[in-house]
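Working notes, beginning with the structure itself.
The values are calculated or read from the model by the stated rules, or taken from the named source; none is laboratory data. Keep in mind that this is a model prediction, so the values were computed, not measured. For neighbour counting, all protein chains shown are included, and Cβ atoms are generated from backbone atoms with ideal geometry for every residue, glycine included. Heavy atoms of the whole protein, side chains included, go into the accessibility calculation; ligands, DNA and RNA do not. Shrake-Rupley method; radii C 1.70, N 1.55, O 1.52, S 1.80 Å.
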Amino acid sequence: MYIIDRRLNPGGKSFANRQRFLRRAKALVQRAVRDNFKSRSIKDLDQGGEIGITRQGVHEPTLRRAASGGQRDHVLPGNKDYLEGDTIPRPSGGGGGSGSQPGQGGDGEDEFRFVLTKEEYLDLFLDDLELPDLAKRRLMDTEAKEIQRAGYSTTGSPASLAVARTMRLSLARRLALRRPSASEILELEREIARLEQQGGHESQITALKEEYERLVRRNRRISYIDPIDLRYRRYESNPKPVAQAVMFCLMDVSGSMSEHMKDLAKRFFALLHLFLTRCYSHVDIVFIRHTDRAEEVDEQTFFYSTETGGTIVSTALEEMLTIMRQRYNPADWNIYVAQASDGDNMGSDSAKAATLLHDEILPACQYFAYLEVGREEDPMPTGTAPRPSDLWRTYETIATADGHFVMRKVWHRREIYPVFRELFRRRGSNVRGGAA
């Protein structure tokens with residue numbers, strides 16, 4: 001049987017060579033993808049696009065002729081300036097490459113630009129991220145199935161034919177039925193030819209011919225492989241315990257949040273939404289917006305509604321607890337929380353928010369990440385940090401040292417992805433930060 005793959009390479013290009021290049025230059029391409037993210041709008045986060053890397057990163061070894069040794073003759077058609085044996089001076093300006101020229105600040109370099117598909121872009125962008133402590137697993141009534149080997153069957157698809165098991169049964173059957181082998185028949189045929197050539201007794205030759213015919217008939221009746229020998233690998237679909245999780249996204253949209261702050265918060269949550277929907281199939285996402293009151297909203301409202309008002313953080317925490325009690329039992333669900341705010345809160349509400357977080361939310365959830373967004377002018381010119389916000393000081397008193405509750409601050413768009421990656425990076429070294 002011959003299998004011929006007639007599928008066309010995407011876009012008329014060599015798919016295998018492209019994948020080999022992406023694997024070899026993965027570090028450079030991944031860095032370029034993450035730099036490219038900083039200039040993207042929220043609606044374009046999950047799209048492919050053109051990126052560039054330095055040509056030095058894609059250098060490949062090449063075979064060249066030796067600089068010296070051997071005898072070589074070169075014929076240069078149209079040459080009117082040099083004869084054989086003349087010495088050609090080396091150009092003072094170097095080669096005539098088309099790359100950028102070096103300036104006073106450093107060396108120039110060429111840039112190799114190419115287009116990544118949506119799948120390639122997201123695979124590189126989200127390569128080393130994961131939800132921490134995804135531990136609670138249970139059987140679900142959805143498509144959570146696992147295919148497992150379940151022995152052999154006498155019927156099945158040709159693709160699942162167990163060749164070794166089939167040949168073993170075929171050999172056992174042939175031995176049990178005493179099927180003559182090809183070597184036995186060939187040896188008897190040679191013996192008959194030898195006796196006929198040497199003029200042996202006619203009765204002996206006749207007996208050998210009868211034995212020969214009997215062996216041939218028996219060999220034909222007992223097939224080499226019979227349908228009863230065929231065995232196929234059998235598979236069964238069994239329920240598989242899966243880790244189901246819910247991510248609560250709490251965003252402050254009060255009047256104290258400027259457009260710059262809302263943009264930072266939305267970019268963080270857009271990145272979180274992309275990460276969860278891309279990497280996990282059993283993660284629910286609950287969007288909660290709050291001012292002086294909180295409500296659960298859909299994705300469109302969460303990212304694009306223009307509602308505003310006062311600030312009472314505890315309303316968002318209470319809304320989250322209500323939804324958790326109704327739909328997400330902490331005994332069965334891995335509960336995660338991501339909160340973004342500018343840190344402003346009504347003074348009388350801070351103690352209530354701290355109590356809700358410390359007594360009810362943190363004991364039930366796997367991981368709580370608080371992102372505080374600031375104005376671009378907030379950081380001091382001298383590098384000293386500005387005065388902590390009310391909510392930051394409140395949360396700082398209950399921040400856990402084991403990384404169960406993590407706090408981070410961002411002021412600029414370029415800081416979103418590094419902070420997000422720090423919060424949700426794969427815990428290979430099991431290192432987590434506390435308040436920062």
Give me the accessible area of Met261, 1.4 Å probe, in Å² rounded to the nearest 10.
0 Å²
Cα lying deepest toward the dipole's positive end in the stretch 273-383, options Met346, Phe302, Tyr280, charges on Cβ
Tyr280
Residues whose modelled amide H sits under 5 Å from the amide H of Ala162, counting only those 5 or more places away in sequence or on another chain, are Arg231, Tyr232, Arg233
R0 = 22 Å: FRET efficiency of Thr54 with Leu274, Cβ-based, nearest 0.05?
0.20
For the ranges 200-211, 360-371, what's the packing order if you count other beta-carbon atoms within 10 Å of each residue, average per peptide, and put the highest first?
360-371, 200-211
Apply 1/(1 + (r/R0)^6) to the Cβ-Cβ distance of Glu213 and Ala172, taking R0 = 22 Å, and write down the FRET efficiency to the nearest 0.05.
0.25
Over the stretch 264-312, give the accessible area per residue in Å² for a 1.4 Å probe, as an integer.
41 Å²
